[in-house]
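Colleague: Next up is a structure, given as structure tokens.
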Amino acid sequence: MRRICCDVRVRTRREEFRLIVFGLLTLIGSATVFAAPQEVLKNEQSPQVSTEMQHEAGNPTPLSVLIEEAEKNDPAIHVAESAAKAATFGASQMSTLSDPQFTLQQFSVGSPRPFAGYTNSDFAYIGLGVSQQFPYPGKRKLRGLVADRDADAVKAHVEVVLQDEIETLKTSYFHLAYLQQTLGILQQNSSLLQQIEQQAEAHYSAGQGNQRDVLKAQLERTKILREISMHHQLVGEDQAVLKRILRRPQDSPDIVPEILSETFLRYTASELLDKVREQNPNVQEDAAMIQRNQTSVELAQKEFRPDFEVSYMYENTDRKFRDYYMLSFGVNFPRRKPRRAALAQAQVNIERSQQEQDSQLQAALAEVQKQYVIVKTSEEQLLIYRDGLIPQAQATIQAGLTAYESSRTDFESLFSSYMDVLNLNLEYQQTLLDHETALVHIERLSGVTLP
């Protein structure tokens, strides 16, 4: 009778605790967020929970398919491409002669009245003329080259925007896959924790344990529910970013990523650094700006040369008088002070663009070296987790469950083994995410495409 009363009291307290936790979660979480963990708990025993979840939610979409879609639909890429297209029309405008000027004159003699003296004076006339300005030889060509170099810089910026958007797409995609896989780990460990909780209840009912062990297991399960709820929030954020890049409606079906797996880097550090110097989009954009500024210096030097103007006028008098024909040639002499300032500005712009390119290059080289170290270190850690730590932790928890069931070990040792399994699996997934994200950064900085 004592054992029965004890069992009833324990179960009553446990049920009260669960009701309190359930009520708190219901108040702070939406119905959909809370319902998701309950739905997944049915599949906790499956070792391939994350794979099954993908197929239940929909067919996984390969990353390559999303990249192609982003290149076609991304609004940011479209804006950059439109700017590049508009810049191609600048050269023809800058290298063309200025507009010709047509003149109509009427010259009166003897009176301000129109056409006064036209029939009785050979000075009165009606004139028709045209004038055209001609810049010094070479100026128009240089102006067109400056506009072409501007267009080249804008075109190079398209590649910068493209690579930035693809990098964001990849990192969001991989993070979404990471959330999907860690969600499966949390669900599996929730099932394992439920088994531990049941054994703790059995020990307490038999008078071999204490209530604190049961409550501790229940608390950990509640923490897992909280983590699952946070996963839903982060998944929603990643989905919003992906749909923005793909230009899909925000209420469209969610994107299902493929299983996140490790990709080993086959390039050496020196090879990647060489690729940065040759292919980094930002460095290429800065190189285009250097060429543009160099051409601007040549144009500024030409601006010291004078421009010319040619005009021609035909003056018609009455038929009994002879007509007049006038050809004029003008030269303007540029003021040297503003031209010297323009030349100095263009030379400073060359120095500035060269410094910007060097700064951009050094930052990219340092970042590639940093990401390379992360990749190589994480590759070693992934092997240690996969082939050593995780199998050992799983063997330890299985042995601990058997030992705890037969009262040959205490609850704290068993719970510690459980936390090792949970933490090591989560650490493995985090290391895998860091590894793949570092590869994405290397691709962006070096211009290489990794398998």
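Colleague: If you scan the range 311-364, which residues turn out to be exposed (fewer than 15 other Cβ atoms within 10 Å of the Cβ) and of a type in the set (Val, Ile, Thr)?
Modeller: Of everything in the range 311-364, those that are exposed (fewer than 15 other Cβ atoms within 10 Å of the Cβ) and of a type in the set (Val, Ile, Thr) turn out to be VAL331, VAL348.
Colleague: Tell me which residues, restricted to the range 68-80, are assigned to a helix (DSSP H, G or I) and buried (at least 16 other Cβ atoms within 10 Å of the Cβ).
Modeller: Scanning the range 68-80 gives GLU69, ALA70, ALA76, ILE77, ALA80.
Colleague: Answer yes or no as to whether ILE259 is of a type in the set (Val, Ile, Thr), more than 20 Å from the chain's Cα centre (by Cα) and part of a loop (DSSP other than H, G, I, E, B).
Modeller: Yes; evaluated as a whole, the condition is true for this residue.
Colleague: While we're here: Go through the range 226-267 residue by residue and tally those that are open to solvent by 70 Å² or more (accessible area, probe 1.4 Å) and either aliphatic (A, V, I, L, M) or touching a Ser or Thr at 6+ places or on another chain (Cβ under 7 Å) (or both).
Modeller: Count: 2.
Colleague: Moving to a separate point now. Mind telling me which of the residues GLN239, GLN250 ends up being more than 30 Å from THR409 (Cα to Cα), part of a loop (DSSP other than H, G, I, E, B), polar (S, T, N, Q) and at pLDDT 85 or above?
Modeller: Being more than 30 Å from THR409 (Cα to Cα), part of a loop (DSSP other than H, G, I, E, B), polar (S, T, N, Q) and at pLDDT 85 or above holds for just one of GLN239, GLN250, which is GLN250.
Colleague: From the list THR449, THR409, exactly one residue is in contact with an Asp or Glu (Cβ under 7 Å, 6 or more places away or on another chain) and without any contact (Cβ under 8 Å) to a residue 40 or more places away in the chain. Which is it?
Modeller: Among THR449, THR409, only THR449 is in contact with an Asp or Glu (Cβ under 7 Å, 6 or more places away or on another chain) and without any contact (Cβ under 8 Å) to a residue 40 or more places away in the chain.
Colleague: Pull up the range 409-451, narrow it to residues that are among the hydroxyl-bearing types (Ser, Thr, Tyr) and open to solvent by 10 Å² or more (accessible area, probe 1.4 Å), then point me to the one that is farthest from GLU167 (Cα to Cα).
Modeller: It comes out as THR409.
Colleague: May I pose another question? What about GLY144, is it touching a residue at least 12 places away in the same chain (Cβ under 8 Å) and either open to solvent by 30 Å² or more (accessible area, probe 1.4 Å) or touching a Gly at 6+ places or on another chain (Cβ under 9 Å) (or both)?
Modeller: Spelling it out, GLY144 is indeed touching a residue at least 12 places away in the same chain (Cβ under 8 Å) and either open to solvent by 30 Å² or more (accessible area, probe 1.4 Å) or touching a Gly at 6+ places or on another chain (Cβ under 9 Å) (or both).
Colleague: Name the residues in the range 274-284 that are open to solvent by less than 40 Å² (accessible area, probe 1.4 Å) and part of a helix (DSSP H, G or I), would you?
Modeller: If the condition is that a residue be open to solvent by less than 40 Å² (accessible area, probe 1.4 Å) and part of a helix (DSSP H, G or I), then VAL276, PRO281, ASN282, VAL283 are the ones that fit.
Colleague: Let me ask another. For the range 183-204, state whether one or more residues are in contact with a Leu (Cβ under 9 Å, 6 or more places away or on another chain), among the polar types (S, T, N, Q) and assigned to a loop (DSSP other than H, G, I, E, B).
Modeller: No, that holds for no residue.
Colleague: Further, regarding this structure: Just checking, which of THR32, THR61 is of a type in the set (Ser, Thr, Tyr), assigned to a helix (DSSP H, G or I) and either within 32 Å of the chain's Cα centre (by Cα) or at pLDDT 50 or above (or both)?
Modeller: One residue alone meets the criteria, THR32.
Colleague: Go through the range 81-113 and count every residue that is surrounded by fewer than 13 Cβ atoms within 10 Å (Cβ to Cβ), modelled with pLDDT of 90 or more and basic (Lys, Arg).
Modeller: 0
The values are calculated or read from the model by the stated rules, or taken from the named source; none is laboratory data. Here the structure is a predicted model, which is why all the values come from computation and not from measurement. Backbone-built Cβ (ideal geometry, glycine too); neighbour counts: all protein chains shown. Side chains included, ligands, DNA and RNA excluded: accessible areas come from the protein's heavy atoms. Shrake-Rupley method; radii C 1.70, N 1.55, O 1.52, S 1.80 Å.
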